[in-house]
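Remarks on the structure that follows.
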Amino acid sequence: MPEELLTQGPSLNENTQSGASILIIDDESGIRESLETLLTFEGYSLRMAVDGDEGLRILDQHSFDLVLLDLALPGQSGMELLPLIHERYPELPIIMITAYGTVHNVVEAIRAGAENFVQKPWDNEKLLADIRSAIARHRAEEENLQLKRALKERYSFANIVGKSEPMLRIFDLVAQVAPSRSTILIQGESGTGKELIAKALHANSPRRDKPFVPVNTGAMPSELLESTLFGHVKGSFTSAIASKKGLFEIANNGTLFLDEIATMGFDTQAKILRVLQDRRFMHLGGVQEIQVDVRIIAATNIDLRQAVRDGKFREDLYYRLNVITIDLPPLRARREDIPALVQHFLERYAKENDLPPRKLSADAMRALIDYDWPGNVRELENCIERGVVLSSGPIIGSDLLPGHITGRSFQDALLVHNPNASLFDILEDIERRIIIEKLERCNWNQTDAAEQFRIPLSTLNQKIKRLNIEIRKRGRE
Ligand SMILES: Nc1ncnc2c1ncn2[C@@H]1O[C@H](COP(=O)(O)OP(=O)(O)OP(=O)(O)O)[C@@H](O)[C@H]1O
Ligand SMILES: [Mg+2]
């Protein structure tokens, strides 16, 4: 019984893939020996197995560039072994060794994943050429795979999709500035991924194990915002019935994400400026200074420079924040990212809803690429989620996309479903769709939607009730 042996011959041949390792699984000692002589001479390192069990065991313990597998092994035949190996090591090339006149088996073997076959007695030069080309292909694939992995790991941006030039530049910039403590300002329209980038900055910094604390500075009245940021001592204002830590303390050693910074009041801006300058602050109503080490990332969906010009944003704070700026381009300026984003969201929402994978029909994809996406990636995400949930088969057609995206008129869309609709039904449906579309673009924030419609919030609320519009949760992580 031959030892599982490892022999490394002299590397005499120019074409040798020096050090490449081959596993030979063959029960005939004569075959093993002649292969050993030939391949060792070529500089390959070899291991031998006499049957399937031994072969699988060795495969588990070492890595190989190629397997030479005898078709007619005793016990478990090569034909049975082949799919087992192929399943465990799908990338590993397998060349079958066959006796003359087993053409039928050979075809079957190739179907089952064998790379190639060699017939006994073989021609040495041809065998070597086949081995070389299989190993070269295998190595190229491995290399490619490793490159891809390295790229992903380098940034750990696994959940951020983007192949367009501007996004690649942003990834580079993020990778470059993430490790420092510098303040970063992220500018971009609503739904372009500002929060995602802020998280990536944190995740790629030495602070990654410390808290990432987002705070929506635009959504709160000043007093509440200040007590949220700086904390307060008991009794510092009427409702301050107990002392509370501020987010600046909670984010200590981590990152504080000040979202929608443009709408913050002037006084709060001044206080934030002070923390940015010397990383110290006081609780509301407190007397003691607190020192913190917090990295600040701020985001805005309006042009801060313009806000400064309009006298709505402090110039000094603007310069403090604007140390490094990341400008996220709107989706319509990087349409080449749309197919990959679609794919990403199709997978996410099929999984989330326990559905089999879905695909988009060609005309649906065309409509998505042509559309202008005022709500950017978030709008695209909502649109795909809706398509996945509404789909009943594997293909999502353009009929499952909102009419304003495909360019179908509201009336057409309605009439498809109900040819007997009256004018009143049609008008109601149009109103419903317009309101839903606006809400989607406003991330289901009814105050924003009412403002954009220039109607009171209460009127919008009444309409939502009357039209049976189901209110969805705001955004998602
Ligand atoms: N490049 C991207 N790859 C994958 N998902 C993305 C990308 N950009 C944005 N998204 C997704 O789109 C949604 C909106 O992103 P995010 O909340 O980061 O945007 P935002 O710019 O902060 O929006 P807003 O101004 O409305 O707060 C999120 O669900 C996010 O995961
Ligand atoms: Mg955001």
For Leu224, which of the numbered conditions (1) free of Cβ contacts under 8 Å to residues at least 12 places away in the same chain; (2) crowded, with 20+ Cβ neighbours inside 10 Å fails to hold? (2)
Looking at (1) closer than 25 Å to Glu347 by Cα; (2) touching a helix residue (DSSP H, G or I) at 6+ places or on another chain (Cβ under 9 Å); (3) modelled with pLDDT under 95; (4) surrounded by 17 or more Cβ atoms within 10 Å (Cβ to Cβ), which is the one condition that is false for Lys199? (2)
If Phe230 meets every condition in (1) open to solvent by less than 60 Å² (accessible area, probe 1.4 Å); (2) within 16 Å of ligand 2 (Cβ to nearest atom) apart from one, which number is that one? (2)
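For segment 102-146, name all the residues that are part of a helix (DSSP H, G or I), touching a residue at least 60 places away in the same chain (Cβ under 8 Å), under 20 Å from Ile31 (Cα atoms) and among the basic types (Lys, Arg). First the steps, then the outcome.
Narrowing segment 102-146 to residues part of a helix (DSSP H, G or I): 103-111, 124-146.
Next, only the ones that are touching a residue at least 60 places away in the same chain (Cβ under 8 Å) stay: 124, 127-128, 131-132, 134-136, 138-139.
Narrowing further to those that are under 20 Å from Ile31 (Cα atoms): 124, 127-128, 131-132.
Passing the criteria: only Arg132.
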Would you call Gly235 open to solvent by 30 Å² or more (accessible area, probe 1.4 Å), away from ligand 1 (no atom under 16 Å from the Cβ) and over 25 Å from Ile326 (Cβ atoms)? yes
Checking Ala340 against (1) open to solvent by less than 80 Å² (accessible area, probe 1.4 Å); (2) closer than 23 Å to Cys442 by Cβ; (3) in a helix (DSSP H, G or I), which test does it fail? (2)
Anything in segment 386-397 that is in a helix (DSSP H, G or I) and open to solvent by 30 Å² or more (accessible area, probe 1.4 Å)? List them, or say none. Arg386, Val389, Leu390
Every residue in segment 321-353 that is over 22 Å from Ile160 (Cβ atoms) and more than 19 Å from the chain's Cα centre (by Cα), please. Leu321, Asn322, Val323
Provide a single number: the residues in segment 72-81 that are modelled with pLDDT of 90 or more and not in a helix (DSSP H, G or I). 0
Which of the residues belonging to segment 159-201 are more than 16 Å from ligand 2 (Cβ to nearest atom), touching a residue at least 40 places away in the same chain (Cβ under 8 Å) and of a type in the set (Lys, Arg)? Lys163, Arg181
Top-ranked residue of segment 367-385 - restricted to ones that are touching a residue at least 40 places away in the same chain (Cβ under 8 Å) and assigned to a loop (DSSP other than H, G, I, E, B), ranked as nearest to ligand 2 (Cβ to nearest atom): Gly375
Taking the stated definitions as given, is Arg280 open to solvent by 60 Å² or more (accessible area, probe 1.4 Å), more than 16 Å from ligand 1 (Cβ to nearest atom) and free of Cβ contacts under 8 Å to residues at least 12 places away in the same chain? no
Provide a single number: the residues in segment 252-279 that are over 16 Å from Leu321 (Cβ atoms) and either of a type in the set (Ser, Thr, Tyr) or at pLDDT 90 or above (or both). 3
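For the subset of segment 245-270 comprising residues that are within 16 Å of ligand 1 (Cβ to nearest atom) and within 19 Å of Ala178 (Cβ to Cβ), which member is most open to solvent (accessible area, probe 1.4 Å)?
Asp259
Matching residues to (1) under 25 Å from Ile184 (Cβ atoms); (2) among the basic types (Lys, Arg); (3) away from ligand 1 (no atom under 11 Å from the Cβ); (4) at pLDDT 90 or above:
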| residue | (1), (2), (3), (4) |
| --- | --- |
| Arg305 | yes, yes, yes, yes |
| Arg309 | yes, yes, yes, yes |
| Ile324 | yes, no, yes, yes |
| Arg335 | no, yes, yes, yes |
| Phe345 | no, no, no, yes |
| Leu360 | no, no, yes, yes |
| Asn382 | no, no, no, yes |
| Arg386 | no, yes, yes, yes |
Among the residues of segment 158-183, count how many are open to solvent by 50 Å² or more (accessible area, probe 1.4 Å), of a type in the set (S, T, N, Q) and outside any helix (DSSP H, G or I). 1
Subset of segment 202-214 (residues that are open to solvent by less than 30 Å² (accessible area, probe 1.4 Å) and within 13 Å of ligand 2 (Cβ to nearest atom)): none
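The values are calculated or read from the model by the stated rules, or taken from the named source; none is laboratory data. Only a predicted model underlies this, so the values are computations on that prediction, with no experimental measurement involved. As a convention, Cβ positions derive from the backbone with ideal geometry for all residues, glycine included, and neighbour counts pool all protein chains shown. These accessible areas exclude ligands, DNA and RNA; they are computed on the full protein's heavy atoms, side chains included. Shrake-Rupley method; radii C 1.70, N 1.55, O 1.52, S 1.80 Å.
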